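S.K.: Here it is, the structure in full.
Coordinate-derived values only; no laboratory data. Quantities reported herein were computed from a predicted structural model and do not represent experimental measurements. Please note: Cβ atoms are built from the backbone with ideal geometry, for glycine as well, and neighbour counts cover all protein chains shown.
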Amino acid sequence: MTSSMHALDPLDLQTILSRHLPIYRTKVPFYQAHMLDSIRELWVGPHQHVLDVGGGTGVIAEAIAELFPVARVQTIDMVDRFCKTLSIEKTQYDGRTFPFPDKSFDAATLNNVLHHVPVNERAALLSEIRRVVAGPLYIKDHSSLGRVDDLRLKMLDAIGNIPFGGMIDAQYLSPEQWYDLAGESGWHIGRTATQRRYRKGPLAALFPNRLEIAMRFDPA
């Protein structure tokens, strides 16, 4: 993690998320805190204007706006599921072309999104991000070593997405596929975050923490 940012307190994150989603009034977002900490570990700002791609409800982008050293965060998605209470800018788009000029943003984030994008559309999405972003792309996603991992991840997606109306259909990438995809779309993997303890005990045995990855894609 960058020297200017300390580990997130999940209770501070809960305060932010609960303003917009009632479920977080009783649920402490430990997973989401680890997710954001993995991005903070890779952070190489300053980034003044950040685009959060595939933002869903928009609450993670809202948290980035409050907890990261940024001046402005904008979230974009194909479907308008954005919470009405958000203070950040929200944009719906056609799934192909972002309504922004080239190099409009200093950096972008893509949090648990790419595995839901159809395989034949992933390189195009990353290339479009490359067009509108001058600096790095921070990705939190999953890595699969085969069919057993795919099944585990589908279960995790169902648990995490159904309560929020999120996508369930997914195809997960292997470590090699992540590197290939970066090269195809104008990026290279500059750094990978250290593995975090998203789960402990029996849950970690069923859903190993190695399934969770975070990477910084730097412009090639």
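S.K.: About the Cα centre, and with charges only on the beta carbon of Lys, Arg (+1) and Asp, Glu (-1), how big is the dipole of region 10-219? Nearest 20 debye, please.
M.R.: Computed charge dipole of region 10-219: roughly 620 debye.
S.K.: Please give the net charge around Thr194, taking every other residue with its beta carbon less than 15 angstrom from that of Thr194, where Lys and Arg add +1 and Asp and Glu add -1.
M.R.: Charge balance near Thr194 sits at +4.
S.K.: Can you tally the net charge around Glu66? Count Lys and Arg as +1, Asp and Glu as -1, for every other residue whose Cβ sits under 15 Å from the Cβ of Glu66.
M.R.: -3
S.K.: Given a cut-off of under 8 Å on Cα pairs at least six residues apart, what relative contact order in percent is computed for the chain?
M.R.: 19
S.K.: Rank-order 187-199, 87-99 by packing density, defined as the average count of other C-beta atoms within 10 Å over each peptide's residues, highest first.
M.R.: 187-199, 87-99
S.K.: Which net charge results for the neighbourhood of His115, defined as the other residues with beta-carbon distances under 14 angstrom from its beta-carbon, given Lys and Arg at +1 and Asp and Glu at -1?
M.R.: So the environment of His115 carries a net charge of -3.
S.K.: Restricting to the chain, compute how many DSSP beta bridges are antiparallel as a %, nearest 5.
M.R.: 40
S.K.: Follow-up. Work from the charge dipole of region 10-219 (Cβ charges, +1 for Lys and Arg, -1 for Asp and Glu, about the Cα centre) and give the residue of Ala182, Phe82, His49 farthest towards its positive end.
M.R.: Phe82
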